[in-house]
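Structure first, commentary second.
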Amino acid sequence: MTSSITLVAGREKSLLRRHPWVFSRAVDRVQGQPNAGDTVDILSHKGQWLGRGFYSPQSQIRARVWTFDRNEHIDEAFFLRRLERAKAGREDLIHEQGLTGYRLCAAESDGLPGVTIDVYANVVVCQLLSTGAERWRKAIVAALTSLYPGACIYERSDVAVRKKEGLKERKGLLAGTLPTEPVVIEENNGVRILIDVETGHKTGFYLDQRDNRRIAGRYCQGKRVLNCFSYTGTFGVYALKGGASEVVNADVSESALALAKQNAELNQLDLSRARFEQADVFKLLREYREQGESFDVIVLDPPKFAESKAQLNGACRGYKDINMLAFQLLNPGGVLLTFSCSGLMTSDLFQKIVADAALDAGRDAQILERLNQAADHPIGTAYPEGHYLKGLVVRAW
């Protein structure tokens, strides 16, 4: 018999709007003895059935909803249906953009809380970050094996957030054989990118910036470009393809910059127009300012600065600092493409930070475009937290 949790009176409103989270303070009582990841029915204080999810006894998010359909059971077939739906929803995009790398499953936004799955050619990489995902690991792998016959399925659950669920970090092969040669994907109809599946950031790459890389390239004809936090240099690849006169890729990681150079070579680009600077970007921007350096286009794509609400104020200071430095380095009429991938950072707050940074730099600035995550990273209408990537294209005078 399925266990259940009953909510505190009045705490059912978010569930009625199909938001998939139940916080610990919203739980009045638990019926049965569910273990971590076990399926539970979620009931209102009056006994109304609201959803069916999984139990996370150590997390502040005490339950997450698998389904709002009372007739839908959580079994192996459920995960195959969910992933079939996710794949079908991306087919048009895959064909339109010639993608061999894309996000198959965007966790809550695809109805699978804590399940992130990226496809890189014939390698499927999973992040299983919730107790429910951990509980149904075999079913998820079986579904992926069915959808991608012969593919390598690799796990990258080496993420600290698992600790909040009482889980240890994990990584390794789940099915198939990991290729010995580098994994190469294509995006935007022919741009080729090397993927470090085993040790790269996240699941190996930032698929969510695909559209923004293409947009960035439009601003680079004949321009001197600084690509900050460049990782494997893909904004730099698009800048070179867009006709940049010079591209400086700056990152603290030597191995990432080595891949950045390989990505430029893979796309047969002119390496005489590219530089690869291993440096702390915050320090490098200050050094450039002191040296009187200037650029026509600057890309700021930093790592997540805020993992929790307690870190948000510090993150705001960090974003303001790097944006102010970037404005100080831009030539008149120059363009800044600036991003935040912190889910806690709202679009309005990010815009205010960038505006304050321009003010402190003594620059007039105009927002030309607002940028978001690519369409294979959808945002569930009942799950606004799914909108994590925000970007602005800003011209400075």
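Tell me, what HN-Hα J-couplings in whole Hz come from the Karplus equation 6.51 cos²θ - 1.76 cosθ + 1.60 at θ = phi - 60° for each residue of the stretch 347-361, using x for Gly and Pro?
For the stretch 347-361, the Karplus curve yields 4, 5, 5, 5, 4, 5, 4, 5, 5, 5, 5, 4, 4, 5, 7 Hz.
Taking 0.36 nm per residue of sequence separation and subtracting the Cα-Cα distance, how much length would be gained by fully extending the chain between ASN189 and LYS304, in nm to one decimal? Let's see the in-between values first.
Numbers: separation 115, 0.36 × 115 = 41.40 nm, distance 2.87 nm.
The span from ASN189 to LYS304 would gain 38.5 nm if fully extended.
With r defined as the distance between the Cβ atoms of LEU16 and ASP270 and R0 fixed at 51 Å, what FRET efficiency is calculated, to the nearest 0.05?
After rounding, the FRET efficiency stands at 0.30.
Could you work out the relative contact order of the stretch 139-216? I mean the mean sequence separation of Cα pairs under 8 Å and 6+ apart, divided by the number of residues, in percent.
About 21 percent, as a whole number.
Return an integer: the convex hull volume of the alpha-carbon atoms of the stretch 299-397, in Å³ per residue.
Hull volume over Cα atoms, normalised by residue count, gives 92 Å³.
Let me check against my output: what whole-number percent is the relative contact order of the chain, with C-alpha pairs under 8 Å and at least 6 apart? Don't skip to the answer; put the middle values down first.
On the way: 870 pairs, mean separation 43.7, N = 397.
Dividing the mean separation by the residue count of the chain yields 11 percent.
What FRET efficiency comes out for ASP360 versus ASN122 if R0 is 56 angstrom and r is the Cβ-Cβ distance? Round to the nearest 0.05.
Calculated value: 0.70.
Find, to one decimal place in angstroms, the Kirkwood hydrodynamic radius of the stretch 197-316, where the mean of 1/r is taken over every pair of different Cα atoms and then inverted.
When all Cα pairs of the stretch 197-316 are included, the Kirkwood radius is 14.9 Å.
Give me the lysines in straight-line cross-link reach of LYS138: C-alpha distance below 23 Å, same-chain residues under 8 apart excluded.
Candidates past the 8-residue exclusion: LYS87, LYS163, LYS164, LYS168, LYS171, LYS202.
Spelling out what I want: for every residue of the stretch 142-152, take phi, set θ = phi - 60°, compute 6.51 cos²θ - 1.76 cosθ + 1.60 (Karplus), and round to whole Hz; glycine and proline get x.
Each residue's phi maps through the Karplus curve to give 4, 5, 5, 5, 6, 6, 10, x, x, 6, 7 Hz.
For the chain, with equal point scatterers placed on the C-alpha atoms only and solvent neglected, what are the log10 I(q)/I(0) values from the Debye formula at q = 0.07, 0.09 1/Å, to two decimals?
With no solvent term, the Cα-only Debye profile gives -0.36, -0.58.
Testing the spin-label approximation: label points 7 Å from Cα along Cα→Cβ at GLN60 and TRP397. State their distance in nm.
My value for the distance between the label points is 4.4 nm.
In nanometres, what is the gap between the two model label sites at LYS138 and LYS283, each 7 Å from Cα along Cα-to-Cβ?
Calculated label separation equals 5.1 nm.
Percent of accessible area on the chain owned by carbon and sulfur, 1.4 Å probe?
48
Just subtract the alpha-carbon distance of THR145 and ASP348 from 0.36 nm times their residue separation and send over the number in nm, one decimal.
Fully extending the segment from THR145 to ASP348 adds 68.9 nm.
Taking H placed 1.01 Å from N in the peptide plane, check which residues at least 5 places from GLY334 or on another chain put their amide H under 5 Å from its amide H.
ALA396
Cα centroids of the stretch 322-362 and the stretch 157-199: how far apart, whole angstrom?
31
Work out Dmax and Rg for the stretch 163-216 from the C-alpha atoms and quote the Rg first, both in angstrom.
14.6, 42
Evaluate E = 1/(1 + (r/R0)^6) for THR2 and HIS95, where r is the Cβ-Cβ distance and R0 equals 41 Å; express this FRET efficiency to the nearest 0.05.
It comes to 0.50.
The values are calculated or read from the model by the stated rules, or taken from the named source; none is laboratory data. Predicted, not measured: the structure shown is a model, and the values here were computed from it. Note that we place each Cβ from the backbone using ideal geometry, even for glycine, and neighbour counts take in every protein chain shown. Surface areas here come from the heavy atoms of the whole protein model, side chains and all, with no ligands, DNA or RNA. Shrake-Rupley method; radii C 1.70, N 1.55, O 1.52, S 1.80 Å.
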